[in-house]
Amino acid sequence: METQTIIDYKELVDSQREYFNSNITKDVNFRISQLKKLKKILADNEDLLDEAIYKDFKKSSFENYATELALVYHDINEAISELKGWSKKISVATNMANLPGTSYIIPEPLGVSLVIGAWNYPYQLSLAPVVPALAAGNTAIIKPSELALNTSNAMAKLINENFDEKYLKVVEGGVEETTSLLKQKFDKIFYTGSSNVGKIVMKAAANNLTPVTLELGGKSPTFVFNDADIAITAKRIVWAKFLNGGQTCIAPDYILVEKGIKEKLIDKIKEEILTIHGEDPQKSEAFVRIINKRHFERIVNLIDKEKVVFGGETDKSDNYISPTILENVTFEDGVMQEEIFGPILPFIQFEDLDWAIKQVKDREKPLALYVFSSNSKTADKIFHEISFGGGMVNEAIMHLTNSNLPFGGVGNSGMGSYHGKAGFDAFSHYKSILSKSTIIEPPIKYPPFTDWKKKLLKILVE
Ligand code: NAD
């Protein structure tokens, strides 16, 4: 719309840069107080946050806490307790050529940051990157996804009513607003969403040589071997795949199952779905809906009815797709041509592990990869040969909750990482300083360049 394309965010960005340049945000105590404030605002308004996410997804209050707010609270708490250490000057050794002298690195905030969130975990994906942005001493503009409208409204209300926009501001909107924002000069852009839009963001960032972190998606393979504990494997796969209706960037996208256990595994998975979600998952409090009609249609089109061995029920009026298992899938099938991002679990059987590894390597680098096996050598081989963002042995998704593990993709699944110290690093520049003594000034740098000077130089620098 004409009115939307002319939105100009220059004033907002300028005001944040002016505020940043005042150095207020560099004070570590200020940063800690703002993180505490953010946590309090969220904690005091959980009812409002619950209500909004229920409207967007029918997501329960429990899941809102477990999969969204708990991670944000954890990251805030960790940043508060670690911040003084993270932001300290780091002393390093000085090389011989610069003695006497001292060398150190100063972590400094980048400046004005832009955080663009995705809709699938709307609170977590907009707020978890803001925590390190503020912890590192930046100002931030948050652009939540317009697809999860109620949660976007809730974040805008809570943040914009409680923070000065010079420091932290939520800008709501879709493509037009984001396009206008991206025309501004930021000091850091942190984007979560599809790889296609990731390219648009990176191109825009290139105009100002703005550093980016891109948290993108892809198809995350899940290997299951004959020696896996089938009961626990089925349980964990069902939880990870159907969490959030399959709309999780690190959900197991498809199963690569070793010949010999396919039937047993599928039976166990069916049993587990019935145990967790009952005969009618549409009535389950733990099964969320597809975000909108467009995604509903897209996912339904990926279901090849001939290959359905479980589920396959849909209700357009409710954006509902039941947990669905597809058997005898090939890499040529429609469901294998894009990230599913919905509750469909395709099975591809393999006999030769090298063939299976090659299939994965012939495609874009995954964001996550999971191996279910009791033989650690099998996992080691796969981890050695396939490049991917991060992964797990005998479990899925939970690696995200360990903030000691930097979270991010590689290649088409992303660039850079965050959570814990990695998040602080993503929003910081490490400024290197060498402070030289004035006690002596050896003549070696200066002409005449004699042989003995060259010999000494070799000793000093090599
Ligand atoms: P999306 O790319 O459609 O939207 C993400 C954000 O980009 C939104 O804020 C949206 O307003 C904005 N946007 C959309 N089109 C734009 C355009 N043309 N120009 C500028 N901005 C635009 O992604 P999505 O559908 O919200 O998310 C799904 C994808 O995100 C999946 O691939 C998923 O795997 C990935 N994802 C990755 C992570 C991760 O942490 N790596 C987390 C969640 C989702």
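The values are calculated or read from the model by the stated rules, or taken from the named source; none is laboratory data. Given the structure is predicted, the values throughout are model-derived calculations rather than measurements. Note that we place each Cβ from the backbone using ideal geometry, even for glycine, and neighbour counts take in every protein chain shown. Note: areas computed on protein heavy atoms with side chains; ligands, DNA, RNA excluded. Shrake-Rupley method; radii C 1.70, N 1.55, O 1.52, S 1.80 Å.
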>> Scan region 249-265 and tell me whether some residue there is of a type in the set (Val, Ile, Thr), within 16 Å of the ligand (Cβ to nearest atom) and open to solvent by less than 10 Å² (accessible area, probe 1.4 Å).
In response: yes
>> Show the residue pairs meeting these rules: Cβ distance below 8 Å; 6+ apart or different chains; first residue within region 423-444 and in contact (Cβ under 8 Å) with a residue 24 or more places away in the chain and basic (Lys, Arg); second residue open to solvent by less than 70 Å² (accessible area, probe 1.4 Å) and not in a strand (DSSP E or B).
In response: 436/98; 436/100
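What strands (runs of 3 or more DSSP E) completely inside region 349-457 contain at least 1 residues that are open to solvent by less than 50 Å² (accessible area, probe 1.4 Å) and within 16 Å of the ligand (Cβ to nearest atom)? Break it down into steps so the answer makes sense when it comes.
Numbers: elements: 368-372, 390-393, 428-436.
Correct list: 368-372, 390-393.
In region 143-150, is there at least one residue being free of Cβ contacts under 8 Å to residues at least 40 places away in the same chain, within 11 Å of the ligand (Cβ to nearest atom) and open to solvent by less than 10 Å² (accessible area, probe 1.4 Å)? If you could, list the steps in order and put the result at the bottom.
Residues of region 143-150 that are free of Cβ contacts under 8 Å to residues at least 40 places away in the same chain, as a first pass: 143-144, 146.
Checking the rest, the ones that are also within 11 Å of the ligand (Cβ to nearest atom) come to 143-144, 146.
In the following step, the residues that additionally are open to solvent by less than 10 Å² (accessible area, probe 1.4 Å) were identified as 143-144.
There is at least one residue in region 143-150 that is free of Cβ contacts under 8 Å to residues at least 40 places away in the same chain, within 11 Å of the ligand (Cβ to nearest atom) and open to solvent by less than 10 Å² (accessible area, probe 1.4 Å).
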> Does at least one position in region 64-81 carry a residue that is touching a residue at least 24 places away in the same chain (Cβ under 8 Å), small (Gly, Ala, Ser) and closer than 26 Å to residue 283 by Cβ?
Replying inline: no
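Before we move on, is residue 87 buried (at least 17 other Cβ atoms within 10 Å of the Cβ) and either among the hydroxyl-bearing types (Ser, Thr, Tyr) or on the phi > 0 side of the Ramachandran plot (or both)? Let's see the steps before the verdict.
On the way: buried (at least 17 other Cβ atoms within 10 Å of the Cβ): yes; either among the hydroxyl-bearing types (Ser, Thr, Tyr) or on the phi > 0 side of the Ramachandran plot (or both): yes.
Considered against the rule, which asks whether it is buried (at least 17 other Cβ atoms within 10 Å of the Cβ) and either among the hydroxyl-bearing types (Ser, Thr, Tyr) or on the phi > 0 side of the Ramachandran plot (or both), residue 87 comes out as yes.
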>> So in region 218-235, with the set limited to residues that are within 14 Å of the ligand (Cβ to nearest atom) and open to solvent by 10 Å² or more (accessible area, probe 1.4 Å), which one is nearest to residue 115 (Cα to Cα)?
In response: 218
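Table: residues versus (1) open to solvent by 10 Å² or more (accessible area, probe 1.4 Å); (2) within 16 Å of the ligand (Cβ to nearest atom).
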position	(1), (2)
161	yes, no
165	yes, no
168	no, no
178	yes, yes
181	no, yes
185	yes, no
189	no, yes
196	yes, yes
>> Which of the numbered conditions does residue 201 fail, given that it passes all the others? Conditions: (1) touching a residue at least 24 places away in the same chain (Cβ under 8 Å); (2) of a type in the set (A, V, I, L, M, F, W, C); (3) within 7 Å of the ligand (Cβ to nearest atom); (4) open to solvent by 10 Å² or more (accessible area, probe 1.4 Å).
In response: (4)
>> Name the single residue that is farthest from residue 226 (Cα to Cα) among those in region 313-348 being surrounded by 20 or more Cβ atoms within 10 Å (Cβ to Cβ) and of a type in the set (Val, Ile, Thr).
In response: 321
> Are any residues in region 284-320 within 18 Å of residue 339 (Cβ to Cβ) and hydrophobic (A, V, I, L, M, F, W, C), and if so, which ones?
Replying inline: 288, 290, 291, 296, 299, 300, 302, 303
> Pairs under 9 Å by beta carbon, first residue at pLDDT 95 or above in region 171-194, partner part of a strand (DSSP E or B) and among the aromatic types (Phe, Trp, Tyr), six or more apart or different chains?
Replying inline: 190/418
> What is the residue count in region 9-23 for residues that are in a helix (DSSP H, G or I) and either exposed (fewer than 15 other Cβ atoms within 10 Å of the Cβ) or on the phi > 0 side of the Ramachandran plot (or both)?
Replying inline: 5
